[in-house]
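Chemist: Okay, handing you the structure first.
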Amino acid sequence: MYKLLIVDDEADHRKGLMNLLAAMRPEDMLLEADDGVTALEVIELVDCDVIITDIRMTNMNGLELLKAAKAQNPDVEVIILSGYGQFDYAREALKYQAADYIMKPVDSDEIRTVLNKVTERISERQKSRNRQESIENRLTETMPVYMDHLMNLFVQKPDFAGKERLKDMFQLERPGYIFCCHVAGGGRELSEEQRNDLKYQMKKSLDPCSSYPFFLEH
């Protein structure tokens, strides 16, 4: 579902476009505003995906709305509705990163094509964000394990190739303290899950007073 905001100070044109889009894209949320000022108030409350605006309106025209909306949310897609003889406005709108412009009166096939193109771009952008977030989450999850591995190499392998780089990154040769913990299980063997949970809790306790806590494997 996409959130579409229709902006036009002519009520008949605005309602006609709302009805057209309601029939064409019933899954989308449709909002309306009667000028650019009201439109800005709407997008402060609702994170709109697409704004379809007339270029000539009272109070705030479509170009001013385009600039203000893009300043607030660079990813919002703005489609300009332009009447005959307003090509200069349309060209300027494209300069300010309007998604497209459509001549009035609106042709249903044209606006369908433009909206399909625009929503596909939004979808691809969201997929890209999701992929990036997935990569960052995986890095966050695996980094502690990798750092444990590197620190063990640093301690146990004098000829470890990354030793000098680790020294620089973590200032490992400066004066400091070493915390050594012995965990007594009372003769009871801990499961892998219990051991991992214990490691996590110990690291969490040491984080405020250590540059990087790690477990020495032996």
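What follows draws every value from the coordinates through simple rules; no lab data is involved. Given the structure is predicted, the values throughout are model-derived calculations rather than measurements. Here the Cβ positions follow ideal geometry from the backbone for every residue, glycine too, while neighbour counts run over all protein chains shown.
Chemist: Within a Cβ distance under 14 Å of ASP49, other residues only, what is the Lys/Arg minus Asp/Glu net charge? Could you put the intermediate results ahead of the total?
Modeler: Values: positive: LYS3, ARG25, LYS70, LYS117, ARG121, ARG125, ARG129; negative: GLU27, ASP28, ASP47, ASP75, GLU77, GLU120, GLU124.
Net local charge, ASP49 excluded: 0.
Chemist: If you keep only loop residues by DSSP, which chymotrypsin sites (Phe, Trp or Tyr not before Pro) in the range 1-109 have at most 10 other Cβ atoms within 10 Å of their Cβ?
Modeler: Answer in residue order: TYR84.
Chemist: Hey, another quick one. Take MET57, MET143, MET151 and order them by how many other Cβ atoms sit within 10 Å, fewest up front.
Modeler: Listed from fewest to most nearby Cβ atoms, that is MET143, MET151, MET57.
Chemist: Shifting gears a bit: Can you list the lysines whose alpha carbon is less than 27 Å from that of LYS204, not counting same-chain residues fewer than 8 positions off?
Modeler: Straight-line reach from LYS204, under 27 Å: LYS157, LYS163, LYS167.
Chemist: Given the options ASP100, ASP168, ASP148, which has the most mean-square fluctuation in a GNM of the chain, springs set between C-alpha atoms less than 10 angstrom apart?
Modeler: Comparing ASP100, ASP168, ASP148 in a Gaussian network model of the chain, the most mobile one is ASP168.
Chemist: Quickly estimate the mean residue ellipticity at 222 nm for the chain, helices only: each DSSP H run with n ≥ 4 gives -39500 (n - 2.57), and the total goes over all residues, rounded to 500.
Modeler: Using -39500 (n - 2.57) per qualifying helix, the result is -18000 deg cm²/dmol.
Chemist: Now for a different question. Can you give the local net charge around GLU110? Use residues other than it whose beta-carbon is closer than 15 angstrom to its beta-carbon, Lys and Arg +1, Asp and Glu -1. Don't jump to the answer; show the numbers that get you there.
Modeler: On the way: positive: ARG25, LYS104, ARG112, LYS117; negative: ASP100, ASP107, ASP109.
Here the charged neighbours net out to +1.
Chemist: Next up: For a quick check, take a GNM of the chain with Cα springs below 10 Å and name the residue from MET103, MET29, MET147 with the largest mean-square fluctuation.
Modeler: Ranking MET103, MET29, MET147 by mean-square fluctuation puts MET147 first.
Chemist: Net charge near ASP9, counting Lys/Arg +1 and Asp/Glu -1 over other residues with Cβ under 9 Å of its Cβ?
Modeler: After counting each charged neighbour, the total is -3.
Chemist: What distance in nm separates the two pseudo spin-label positions at SER191 and ASP28, each 7 Å out from Cα along the beta-carbon direction?
Modeler: The modelled label-to-label distance comes out at 5.1 nm.
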